[in-house]
C-alpha cells in the first residue's frame, strides 16, 4: 500500500483525473439546480443572467482559454523538470513530481475545461430540436467564477514555478522530505541504552535461499508481512535493504533451518510479494536517498561544465543538516520476533557509511578549490559541535577523519602554498587539539 501511495504522490495524472470526474458531477448537479430554480434566476441583480448566444460564447471562451492554459502549465512543468535535471541532478526530479501545488493547478485547469464542456452541451435555443430554450444561468455563473479562479491560479503557477527553480528551494525541499523520512523510519538515540553491536544471529544450520525473481530498485520491504510467513521456530535473514539494486537471481533472504521444496515454492511467492521493486529509488524506507540527492547536486555544481561553488556550498550544508538528523537517530532494530518466529534484517545503513556518502564524493570533487574545502570543514565542524552537545561524541571520530582527508587532498593538488595554508588554518581553527590515532 505504501508503494502504491508513493506512486500516486509522484503522479502528475492522478489528481487532474479526479478533478475531471468531480467537474463532470458538478456540471450535472448545477444543471439540475438550474432546472429547478429557473424562474428565480431571471431576477438576478448582478448581471449573471445570459442569453443563448452569450452563454455559448462565454462557455466556449472559458473552455478554450483554460485548455490553452493547460498546455502552458504542462509545458512549464516539463521545462522546469528538464532544467532541474540538467542543471542540478536527475534525482531531484522526483521532488518536483511530488509538488502538490502544481498538481492542484493542473486539476483546476482541466476541471474548469471539463465543467464548461458539460454545461455547454446543455445550452439550447428555441430553434434547436426540442423547442424550449435552455439557458443555465447558474451554471454559466459558476463557469465564470471558475474561469477567473483559473486565471489567478495560472499566474500563481508561473510565479511558483519560477521560485521552484531556485536551488535553495529545491535543496530545502529535499532536506525537509529526507528529515521527515528519517524521523519516521529511525528512532531517536537512547543515551541510557547499551549501543554495542548485536551478536551474530546466524544459527550455522542448513538454510533455504530465496532469490529475487526480477531486477530493479528495492523500494520497500514489508517486514511485518515477512514475519507473518516465517514458519514457527525458524529464522529468516533478509540480505538487502531499501535503496539497494536487486538483480534477478541474487539472494534476497535465507531461511534457517531449511524447508522442503514443496513448502518453499509457496513461501517464496509470498516473501517476494512483500518486497516492492521499482524502476527508481524512492524515500519510502531509504533514509539515505535524500542525502544522495543533495550530494549529487553538490558534485554536479563542482563539475567543470557547471563550476558553481556557491550552489555546492548550499548543497554541502543542507547535506550536513540531513546527516546531523541521521547521526542523532539509530536505525530500527534488525531483529523482529513474533512468538517463535524471527526475522533478521542483516543489511543496515551504518553511521560511518552515511558519513562517507555525505562527504567522500564532494571532498574529492572540491580538492582543487580551497573555498569548497573550507565549506566542507566548516560543515563538519558544525556537525561535531552539534553531536558533542548531544553527548554523541563517539560518532564524531569519522567526521574528524573526513576533515583531515579534506586537508590532505587539498595539499596534494599542487595549488599555491598560500591557498593551501588557508585551508590548513581553517582546519587548525576548527579542530585544534584533535589527533588522528588511525
If you go through the range 342-371 one residue at a time, how many are over 27 Å from the mean Cα position of the chain (by Cα), buried (at least 16 other Cβ atoms within 10 Å of the Cβ) and in a helix (DSSP H, G or I)?
-> 1
If a residue has to be assigned to a loop (DSSP other than H, G, I, E, B) and within 25 Å of the chain's Cα centre (by Cα) to count, how many in the range 240-257 make the cut?
-> 6
Number of positions in the range 268-287 that are closer than 20 Å to residue 335 by Cβ and surrounded by fewer than 20 Cβ atoms within 10 Å (Cβ to Cβ) = 1
Is it fair to say residue 374 is surrounded by fewer than 21 Cβ atoms within 10 Å (Cβ to Cβ), farther than 30 Å from residue 254 by Cα and modelled with pLDDT under 95?
-> yes
Give the number of residues within the range 289-328 that are farther than 11 Å from residue 88 by Cα, at pLDDT 90 or above and not in a helix (DSSP H, G or I).
-> 1
Which one of 140, 109 is within 13 Å of residue 57 (Cα to Cα), crowded, with 22+ Cβ neighbours inside 10 Å, touching a helix residue (DSSP H, G or I) at 6+ places or on another chain (Cβ under 8 Å) and modelled with pLDDT of 85 or more?
-> 140
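The values are calculated or read from the model by the stated rules, or taken from the named source; none is laboratory data. Remember, predicted model here, so these are calculated numbers, not experimental data. Backbone-built Cβ (ideal geometry, glycine too); neighbour counts: all protein chains shown.
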